[in-house]
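**Q** Let me begin by handing over the structure; questions about it come next.
The values are calculated or read from the model by the stated rules, or taken from the named source; none is laboratory data. Not measured: the values here are computed from a predicted model. No Cβ is skipped: glycine too gets one built from the backbone with ideal geometry, and neighbour counts run over all protein chains shown. These area figures cover heavy atoms from the full protein model, side chains too; ligands, DNA and RNA do not enter into them. Shrake-Rupley method; radii C 1.70, N 1.55, O 1.52, S 1.80 Å.
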Amino acid sequence: MSLHEAPEYSDIKVFQVKGKHIVLGISGGIAAYKSAHLLRLLVKQGAEVQVVITPNGKEFITPVTLSSLSGKPVVSEFFTANTGEWHSHVDLGLWADLMVIAPATASTIAKMANGVADNMLVTTYLSAKEHVMVAPAMDLDMWAHPSTQRNVATLRADGVEIIEPAEGELASHLVGRGRMEEPENIVKRIREYFNRSESMTGLRVAITAGPTYERIDPVRFIGNYSSGKMGFALAEECSARGAEVTLIAGPVAIETRSPRIRRIDVESAQEMHNVALGEFAASDIGIFSAAVADYRPLKAESSKIKREHNDGMSIELVRNPDIAFDCTRSRRPGQVFVGFALETDDEMANAASKLERKGLDMIVLNSLRDKGAGFRTDTNKVTIVTATGEAAYPLKTKREVAADIVDAIENLMGARGESCGD
């Protein structure tokens, strides 16, 4: 089946969306007529759907039509004019299991990417704690414009799933990419999401993330450039699939979104080691994504070291504990441990050596020679290495890379005959 070929309706299994709460956002484009069909498919399969439409969206499809199909009043404004009834975007965000915006115009995408909360749809998006899918629809030149592509890249980096527009005749009668994907294919993506969202139910996952800081004195430290973005993306991805996640985070300026993530903040490698020993022992899956300092000062001064009192400085360093090695030494049968390797040369040889030396099941390899990969970026380019081979992936957002890594973990568990969620 080609990308744009609609599946047979019988191919869509009812149980995968039955009982789910879905917010369907509709913005002002001619493709809004497809939203009625999408709404009908979702309701027919047992989903409870609340439509939120922009003021311009109502110029293309009426709330009466949408309300008749959903069985619910359509939400468009912040309050009902004749009664003053307030429509809470926060309550909608808490109620929903998934938010789907179809169609999403260039204007709506720009507002979402930049936090312009001037209508109920964007405000609901900004309050959403659930997964968000966006199905763009616009003219081919608007879709290809650098500003639109920047906004789409921002949404991807924020964890939004983009359902790429299809090619075909557009409202301008030009032919190109910009058509909203067909409702049947959007439902298929929704079905796949709900399958993923339950694939790790019952599993406990422990993750280390970010750098460690090794104090020299009260104001200075030895550290590295890790932002923690990759580890936090992994935590969100595992949580989105139903796992209970413990995230052991070094000093980073990132917030977690999922309530299923239990975050433990640490500073030094020794602190991370002490916490990790207990948390990884209790986990089903352990992911060592932190950039842990290999060495620390033998002595941290209690007062700030004054430059004027010293012509030079030498710091005696001692080795930090090896967190991954110490955690894998006492592993239980069935546990899966995943490490990261950031290399500058002899990448595959170093990754294979680390895999064996530390008793890991999988290594996620990064190379600093790949533009857009490694520290302080929103993207990454990885090769996943196991005892049976390796798989290289193209440059993607770190949230997309996280999904690839978790897919590989689930495939590894499946290959061993272990059932995720048992």
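**Q** Which numbered condition in (1) open to solvent by less than 20 Å² (accessible area, probe 1.4 Å); (2) assigned to a helix (DSSP H, G or I) is the only one that residue 373 fails?
**A** (2)
**Q** Looking at region 376-406, which of the residues that are part of a loop (DSSP other than H, G, I, E, B) and open to solvent by less than 40 Å² (accessible area, probe 1.4 Å) is nearest to residue 286 (Cα to Cα)? If you could, list the steps in order and put the result at the bottom.
**A** Within region 376-406, the first condition is being part of a loop (DSSP other than H, G, I, E, B), and the residues that meet it are 376-378, 381-382, 387-388, 393-395.
Then drop every residue that is not open to solvent by less than 40 Å² (accessible area, probe 1.4 Å), which leaves 377, 382.
On the way: 377: 23, 382: 18 Å.
So, considering only residues that are part of a loop (DSSP other than H, G, I, E, B) and open to solvent by less than 40 Å² (accessible area, probe 1.4 Å), the one nearest to residue 286 (Cα to Cα) is 382.
**Q** Among the residues of region 345-361, is any within 23 Å of residue 159 (Cα to Cα), open to solvent by 40 Å² or more (accessible area, probe 1.4 Å) and touching a residue at least 24 places away in the same chain (Cβ under 8 Å)? If you could, list the steps in order and put the result at the bottom.
**A** Here is the first cut: in region 345-361, the residues within 23 Å of residue 159 (Cα to Cα) are none.
Scanning region 345-361 turns up no residue that is within 23 Å of residue 159 (Cα to Cα), open to solvent by 40 Å² or more (accessible area, probe 1.4 Å) and touching a residue at least 24 places away in the same chain (Cβ under 8 Å).
**Q** If you scan region 301-319, which residues turn out to be open to solvent by 80 Å² or more (accessible area, probe 1.4 Å) and either among the β-branched types (Val, Ile, Thr) or in a loop (DSSP other than H, G, I, E, B) (or both)?
**A** 302, 304, 306, 311, 313, 314, 316
**Q** Tell me the helices (runs of 4 or more DSSP H) entirely within region 97-146 that contain at least 1 residues that are among the polar types (S, T, N, Q), on the phi < 0 side of the Ramachandran plot and open to solvent by 10 Å² or more (accessible area, probe 1.4 Å).
**A** Numbers: elements: 106-114, 120-127, 140-144.
Here the list reads 106-114, 120-127.
**Q** Within region 20-79, how many residues are part of a helix (DSSP H, G or I) and either over 28 Å from residue 139 (Cα atoms) or open to solvent by 10 Å² or more (accessible area, probe 1.4 Å) (or both)?
**A** So the first thing to find is which residues in region 20-79 are part of a helix (DSSP H, G or I), and the list is 32-44, 57-59, 63-70.
Adding the requirement that they be either over 28 Å from residue 139 (Cα atoms) or open to solvent by 10 Å² or more (accessible area, probe 1.4 Å) (or both) leaves 33-34, 36-37, 40, 43-44, 58-59, 63-65, 67-70.
Number of matching residues: 16.
**Q** Please verify whether region 197-206 includes one or more residues that are in contact with a Phe, Trp or Tyr (Cβ under 8 Å, 6 or more places away or on another chain) and more than 30 Å from residue 293 (Cβ to Cβ).
**A** Going through region 197-206, the residues in contact with a Phe, Trp or Tyr (Cβ under 8 Å, 6 or more places away or on another chain) turn out to be 206.
This time we only want the ones that are more than 30 Å from residue 293 (Cβ to Cβ), so: none.
No.
**Q** So, in region 239-269, how many residues would count as being among the acidic types (Asp, Glu) and in contact with a helix residue (DSSP H, G or I) (Cβ under 7 Å, 6 or more places away or on another chain)?
**A** Of the residues in region 239-269, 0 are among the acidic types (Asp, Glu) and in contact with a helix residue (DSSP H, G or I) (Cβ under 7 Å, 6 or more places away or on another chain).
**Q** Restricting to region 240-261, give me the number of residues that are open to solvent by less than 20 Å² (accessible area, probe 1.4 Å), farther than 17 Å from residue 406 by Cα and aliphatic (A, V, I, L, M).
**A** Residues flagged as open to solvent by less than 20 Å² (accessible area, probe 1.4 Å), farther than 17 Å from residue 406 by Cα and aliphatic (A, V, I, L, M) within region 240-261 amount to 2.
**Q** Restricting to region 262-300, and then to whatever is β-branched (Val, Ile, Thr) and closer than 22 Å to residue 410 by Cβ, can you tell me which residue is surrounded by the fewest Cβ atoms within 10 Å (Cβ to Cβ)? Before you say what the answer is, go through the steps one by one.
**A** Filtering region 262-300 down to residues β-branched (Val, Ile, Thr) leaves 264, 266, 275, 285, 287, 292.
When the remaining residues are screened for being closer than 22 Å to residue 410 by Cβ, the result is 285, 287.
Details: 285: 26, 287: 30.
Per the stated criteria, the residue is 285.
**Q** Looking at region 172-183, is at least one residue open to solvent by less than 20 Å² (accessible area, probe 1.4 Å) and assigned to a helix (DSSP H, G or I)? Explain how you work it out, then say what you get.
**A** Residues of region 172-183 that are open to solvent by less than 20 Å² (accessible area, probe 1.4 Å), as a first pass: 176, 178, 180-181, 183.
Going one step further and asking which of them are assigned to a helix (DSSP H, G or I), we end up with 183.
Yes, there is a match, as at least one residue in region 172-183 is open to solvent by less than 20 Å² (accessible area, probe 1.4 Å) and assigned to a helix (DSSP H, G or I).
**Q** Next question. Out of all the residues in region 322-344, which are touching a residue at least 40 places away in the same chain (Cβ under 8 Å), open to solvent by 30 Å² or more (accessible area, probe 1.4 Å) and not hydrophobic (A, V, I, L, M, F, W, C)?
**A** Passing the criteria: 326, 330, 332, 334.
**Q** I'd like the full set of residues that are within 22 Å of residue 407 (Cα to Cα) and not basic (Lys, Arg), limited to region 336-355. Reasoning before the result, please.
**A** Filtering region 336-355 for residues within 22 Å of residue 407 (Cα to Cα) gives 336-342, 348, 351-352, 354-355.
336, 337, 338, 339, 340, 341, 342, 348, 351, 352, 355 - these are the residues of region 336-355 that are within 22 Å of residue 407 (Cα to Cα) and not basic (Lys, Arg).
**Q** Return yes or no: is residue 137 of a type in the set (Gly, Ala, Ser) and in contact with a Pro (Cβ under 6 Å, 6 or more places away or on another chain)?
**A** Judged against the criteria, residue 137 is a match.
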